[in-house]
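Each remark here refers to the structure printed beneath this line.
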Amino acid sequence: MTYLLALDQGTSSSRSIVFDERGRIVAQAQRELPQIYPRPGWVEHDPREIWRTQLATAQDALREARITAQDVRALGITNQRETTVLWNRRTGQPVHHAIVWQDRRAEPACAQLREQGHAAAIQAKTGLLIDAYFSGTKLQWLLDHVPGARDAAEAGELAFGTVDSWLIWQLTGGKRHVTDVSNASRTMLFNVHTNQWDDELLQLLRIPRALMPEVLPSASDFGATDAALLGGPIAIGGVAGDQQSALFGQACFTAGMAKNTYGTGCFMLMHTGSRFQKSENGLLTTSAAQAGRSPEYAMEGSVFVGGAVVQWLRDGLRAISASSEVQALAESVPDSGGVMMVPAFTGLGAPYWKPDARGTITGLTRGTTIAHIARAALESIAYQSAALLAAMSRDAVAAGGAPVSELRVDGGACVNDLLMQFQADLLGIPVVRPAVVETTALGAAYLAGLASGVYASTDELSALWQAERRFTPTLPRSQAESLMARWEHAVAQAVLPG
């Protein structure tokens, strides 16, 4: 039996999954990752904890599978994107906590770039809108605020990376400083047409080129793990940012196929093939995971607060004691009773891009209960995702394509049947849940399998994909449109005046 090991380093946890060659889960392990909130709007991780928890889960997963490193053909890495790590090349130690993708501290730098008129040029080169979400301005902040960092960077003493680069550096004992195109495309420093770091963008953000990792296709030779870590060397053959990895794991390899991942945030991607398409509807163009050297693209929309709203119900409101209780609480009422919740805890992402928006709960009456609020919180995930798909379909039609005809779903919250049915009702198209919902890790395993010869082509991977359940719309379109109009009204109320 051939095995593939996927390391899935996420925002709230580190996980490792052993897959067999049919894409079935053999064993998995998970550890929580502590969150650090130094100030409102700031989110950090300790890079040493990222590495410690990720290595421990890899060791745990191999142990649970009762296999050794020699039984693993290759290893794939998928990771929280945009999260920014800066470390010393000699010692391998981080110079600061990692700045997490949700962090908003670089917004003043982004505002300055917008005011200076750089938005169009940056979008044309990178496919991205200027936002504090991306790694470039996070890295700029570190160079400007960590004492001695800029001088050390210019002297070639420091290395920058997204989480994949940090893990590969640690796994290879500092031998490889690399990333893949999908992660590089989330930095706001990478030209997605040429698949190269862009000298003009590096200069604009005052970032020394010496900091930057080598960029490879997503299925490549990224090095091998130090033999002491996992009981023997394992080839690192696949790397992709979590959302591009999920698109790959969902077998969305051709233009017009789309998936939505329901995690801490929600991330919807639609493959556009080899065509770079600029969105007119507030979406991003990003590099898809690439098995070869030719650029491939996807349209993407990001919801900043998806499943995190359930964590807030648990930890903030204390409405539930475990996330798994939310469906039963929400189903204890027939609907939200007119309550609308906009969970803009850190602003609103695509297609709105309202960094100043704040969370609101509207439509409260004397009859409102915690169950109505729980249902509204759950439904907010579907409303935000429906707004994304509508924007995506408008872009697709404008480019001469067809609107998205089905949505493949994955991530933690996709197991919630109430949410998936409501999602299908709002969208008016089938929502399809795969047999293996761990598609983010599966995508990394598939990429590693392609690089190591386990699979000959993506056609082989398409044949492995299986649906577990299809949710078909039951709500009349007029009713769905009325609900979406109420949602848009609630969003308008979440944006503070002034």
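The values are calculated or read from the model by the stated rules, or taken from the named source; none is laboratory data. The structure presented is a predicted model; accordingly, all values stated were derived computationally and were not measured. Ideal geometry is used to build each Cβ from the backbone, glycine not excepted, and the neighbour counts take in all protein chains shown. We work out accessible area using only protein heavy atoms, side chains counted, and drop any ligands, DNA or RNA first. Shrake-Rupley method; radii C 1.70, N 1.55, O 1.52, S 1.80 Å.
Tell me, which residue of segment 324-367 that is hydroxyl-bearing (Ser, Thr, Tyr) and closer than 13 Å to Leu418 by Cα is nearest to the chain's Cα centre (by Cα)? Spell out the reasoning first.
So the first thing to find is which residues in segment 324-367 are hydroxyl-bearing (Ser, Thr, Tyr), and the list is 324, 332, 336, 346, 352, 360, 362, 365.
With the extra rule that they be closer than 13 Å to Leu418 by Cα, the set shrinks to 324, 332, 336.
On the way: Ser324: 22, Ser332: 32, Ser336: 29 Å.
Of everything passing the filter in segment 324-367, Ser324 is nearest to the chain's Cα centre (by Cα).
The conditions are (1) open to solvent by 10 Å² or more (accessible area, probe 1.4 Å); (2) not in a loop (DSSP other than H, G, I, E, B), and Gly41 fails exactly one of them. Which is it?
Gly41 satisfies every listed condition except (2).
Select from segment 458-494 the residues that are under 25 Å from the mean Cα position of the chain (by Cα) and part of a loop (DSSP other than H, G, I, E, B) and list them in ascending order.
If the condition is that a residue be under 25 Å from the mean Cα position of the chain (by Cα) and part of a loop (DSSP other than H, G, I, E, B), then Trp465, Gln466 are the ones that fit.
Taking Arg375, is it open to solvent by less than 40 Å² (accessible area, probe 1.4 Å), among the basic types (Lys, Arg) and outside any strand (DSSP E or B)?
It is true that Arg375 is open to solvent by less than 40 Å² (accessible area, probe 1.4 Å), among the basic types (Lys, Arg) and outside any strand (DSSP E or B).
Name the residues in segment 44-67 that are within 30 Å of Pro217 (Cβ to Cβ) and part of a loop (DSSP other than H, G, I, E, B), would you?
Ile67
Collect the residues in segment 90-120 that are within 25 Å of Glu280 (Cα to Cα), buried (at least 16 other Cβ atoms within 10 Å of the Cβ) and among the basic types (Lys, Arg), keeping them in residue-number order.
Arg104
Considering only residues of segment 1-38 that are within 19 Å of Asp226 (Cβ to Cβ) and polar (S, T, N, Q), which is surrounded by the fewest Cβ atoms within 10 Å (Cβ to Cβ)?
Gln9
Take Ala448 and decide whether it is surrounded by 19 or more Cβ atoms within 10 Å (Cβ to Cβ), out of contact with any Asp or Glu (no Cβ under 8 Å at 6 or more places or on another chain) and modelled with pLDDT of 95 or more.
yes
Can you tell me which residues in segment 222-245 are closer than 10 Å to Ala69 by Cβ and buried (at least 24 other Cβ atoms within 10 Å of the Cβ)?
Within segment 222-245, Thr225, Ile234 meet the criteria.
If you go through segment 269-323 one residue at a time, how many are small (Gly, Ala, Ser), within 25 Å of Ser220 (Cβ to Cβ) and either over 20 Å from the mean Cα position of the chain (by Cα) or part of a loop (DSSP other than H, G, I, E, B) (or both)?
Total meeting the criteria: 6.
Step by step: first the residues of segment 185-201, then only those that are charged (D, E, K, R) and open to solvent by less than 30 Å² (accessible area, probe 1.4 Å), then the one that is farthest from Ala121 (Cα to Cα). Which residue is that? Don't jump to the end; show me each part of the working.
Looking only at segment 185-201, we keep the residues that are charged (D, E, K, R), and these are 186, 198-200.
With the extra rule that they be open to solvent by less than 30 Å² (accessible area, probe 1.4 Å), the set shrinks to 186, 198.
Numbers: Arg186: 16, Asp198: 12 Å.
So, considering only residues that are charged (D, E, K, R) and open to solvent by less than 30 Å² (accessible area, probe 1.4 Å), the one farthest from Ala121 (Cα to Cα) is Arg186.
Across segment 419-441, what is the number of residues that are open to solvent by 10 Å² or more (accessible area, probe 1.4 Å) and either on the phi > 0 side of the Ramachandran plot or assigned to a helix (DSSP H, G or I) (or both)?
Our first condition is that a residue be open to solvent by 10 Å² or more (accessible area, probe 1.4 Å); within segment 419-441, this holds for 421-422, 425, 427-430, 433, 435-438, 440.
After this cut, where a residue has to be either on the phi > 0 side of the Ramachandran plot or assigned to a helix (DSSP H, G or I) (or both) as well, the list is 421-422, 425, 427-428, 440.
Qualifying residue count for the region: 6.
From the list Leu204, Leu142, which residue is in contact (Cβ under 8 Å) with a residue 12 or more places away in the chain, over 30 Å from Leu62 (Cβ atoms), surrounded by fewer than 20 Cβ atoms within 10 Å (Cβ to Cβ) and touching a His at 6+ places or on another chain (Cβ under 9 Å)?
Leu204
How many of the residues making up segment 67-96 are free of Cβ contacts under 8 Å to residues at least 60 places away in the same chain and closer than 30 Å to Ile25 by Cβ?
Of the residues in segment 67-96, 0 are free of Cβ contacts under 8 Å to residues at least 60 places away in the same chain and closer than 30 Å to Ile25 by Cβ.
Out of everything in segment 336-359 that is small (Gly, Ala, Ser) and within 19 Å of Leu378 (Cβ to Cβ), what residue ends up being surrounded by the most Cβ atoms within 10 Å (Cβ to Cβ)?
Among them, the one singled out is Gly349.
When you look at Gln70, is it more than 28 Å from Glu200 (Cβ to Cβ), open to solvent by 10 Å² or more (accessible area, probe 1.4 Å) and assigned to a helix (DSSP H, G or I), yes or no?
yes
Can you tell me how many residues within segment 160-180 are in contact with a helix residue (DSSP H, G or I) (Cβ under 9 Å, 6 or more places away or on another chain) and open to solvent by less than 10 Å² (accessible area, probe 1.4 Å)?
So the answer is 12.
Out of Glu280, Glu300, Glu296, Glu214, which single residue is open to solvent by 10 Å² or more (accessible area, probe 1.4 Å), more than 24 Å from Ala58 (Cβ to Cβ) and modelled with pLDDT of 90 or more?
Glu296
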